[in-house]
Amino acid sequence: MTAAITPGPNNIILSTHAVNYGFKETVPLILGVFFGFLSILTISLLGLGKIYHSFPTVAMIIKIIAVGFLTYLSFKIFNSKTFSNSKNSKKFTFKDIYFFQIINPKGMTMAMSSSAIFLQNEFPYYIEFILIFSCFIISTASSAIAWAAIGHLFKKYLNDTKKIIYFNRIMAILLLSSIVIIVL
């Protein structure tokens, strides 16, 4: 659950989006991360985690798609030279970020690992499920809000093109470095 606050694809996307569009415009993405990750966690807790680990080919396909998507997204962010306030720029939507959770390597790893580690049959299954789910409700919501708020606060310091370019490139490199989690 500590992993929710560390840099990863969701957090970097939320922060970058908040810098470019503001906190209010990032709320649908926060909700997309929240409900998307909790959907993956629920499916994992209901048994998909075992299936995922039983079929390494499926895991490999998801990793390949994730690497491709994150590389593409990093490239787009790295080459961005301005805030994305133009009418022609495509913003992420709730649906985009919700379904991104399917290939989000950090989120998938957290969900699958949590179901394997924390379901210990020490208590009735539904009690363990509720406890795990409740912890992730708190950590996912607080992390998503915190990263979007950080991005929103940075916006006022990024008052010229040069600073925006540096910020976008740093965020793109951080996003690209999250691929290491997938490959390892």
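Which residues, taken from the stretch 4-34, are hydrophobic (A, V, I, L, M, F, W, C), within 11 Å of the chain's Cα centre (by Cα) and over 16 Å from H152 (Cα atoms)?
Filtering the stretch 4-34 down to residues hydrophobic (A, V, I, L, M, F, W, C) leaves 4-5, 12-14, 18-19, 23, 27, 29-31, 33-34.
The next check asks that each one be within 11 Å of the chain's Cα centre (by Cα); those that pass are 4-5, 12-14, 29-30, 33-34.
Within the stretch 4-34, A4, I5, V33, F34 qualify.
Quick one: how many residues across the stretch 1-34 are of a type outside the set (A, V, I, L, M, F, W, C), assigned to a helix (DSSP H, G or I) and surrounded by 22 or more Cβ atoms within 10 Å (Cβ to Cβ)? Even if it seems obvious, please write down each step before you answer.
Within the stretch 1-34, the first condition is being of a type outside the set (A, V, I, L, M, F, W, C), and the residues that meet it are 2, 6-11, 15-17, 20-22, 24-26, 28, 32.
Among the residues that remain, those that are also assigned to a helix (DSSP H, G or I) are: 2, 9-11, 15-17, 20-21, 24-26, 28, 32.
Still in the running and surrounded by 22 or more Cβ atoms within 10 Å (Cβ to Cβ): 9-11, 15-17, 20, 26, 32.
Total satisfying the criteria: 9.
Among residues of the stretch 102-122 that are in contact (Cβ under 8 Å) with a residue 60 or more places away in the chain and under 26 Å from G68 (Cβ atoms), those with a beta-carbon under 6 Å from a residue that is surrounded by 21 or more Cβ atoms within 10 Å (Cβ to Cβ) and among the small types (G, A, S) at least six positions away or on a different chain give the pairs P105/A66; K106/G8; A111/S44; M112/S44; M112/G49.
Inspection of the stretch 116-134 finds no residue satisfying the criterion of being out of contact with any helix residue (DSSP H, G or I) (no Cβ under 6 Å at 6 or more places or on another chain), β-branched (V, I, T) and within 18 Å of S15 (Cα to Cα).
Within the stretch 35-45, the residues that satisfy the criterion of being buried (at least 20 other Cβ atoms within 10 Å of the Cβ) and more than 14 Å from the chain's Cα centre (by Cα) are S44, L45. Is one or more of the residues making up the stretch 68-77 touching a helix residue (DSSP H, G or I) at 6+ places or on another chain (Cβ under 6 Å), of a type in the set (K, R) and closer than 24 Å to L176 by Cβ? Looking through the stretch 68-77, none of the residues is touching a helix residue (DSSP H, G or I) at 6+ places or on another chain (Cβ under 6 Å), of a type in the set (K, R) and closer than 24 Å to L176 by Cβ. If the condition is being buried (at least 16 other Cβ atoms within 10 Å of the Cβ) and part of a loop (DSSP other than H, G, I, E, B), then the stretch 143-169 contributes only L158.
Which ones in the stretch 107-141 are assigned to a helix (DSSP H, G or I) and among the aromatic types (F, W, Y)? Quick ask: steps written out before the conclusion?
Of the stretch 107-141, the ones assigned to a helix (DSSP H, G or I) are 107-118, 125-141.
Across the stretch 107-141, the qualifying residues are F118, Y125, Y126, F129, F133, F136.
Can you confirm whether the stretch 81-95 contains a residue that is assigned to a helix (DSSP H, G or I) and either within 21 Å of M171 (Cα to Cα) or at pLDDT 80 or above (or both)?
First, pick out the residues of the stretch 81-95 that are assigned to a helix (DSSP H, G or I): 94-95.
When the remaining residues are screened for being either within 21 Å of M171 (Cα to Cα) or at pLDDT 80 or above (or both), the result is 94-95.
Yes: one or more hits.
Residues in the stretch 138-184 that are among the basic types (K, R), touching a residue at least 40 places away in the same chain (Cβ under 8 Å) and under 25 Å from V27 (Cβ atoms): K155 alone.
Pairing each residue of the stretch 125-137 that is closer than 14 Å to S115 by Cβ with any residue that is charged (D, E, K, R) and modelled with pLDDT under 85, provided the two are 6+ apart or on different chains, yields C-beta distances under 8 Å for E128/E122. For the stretch 52-60, the count of residues that are among the small types (G, A, S), in a helix (DSSP H, G or I) and modelled with pLDDT under 90 is nonzero.
The values are calculated or read from the model by the stated rules, or taken from the named source; none is laboratory data. Please read all numbers here as calculations on a predicted model, not as lab measurements. For neighbour counting, all protein chains shown are included, and Cβ atoms are generated from backbone atoms with ideal geometry for every residue, glycine included.
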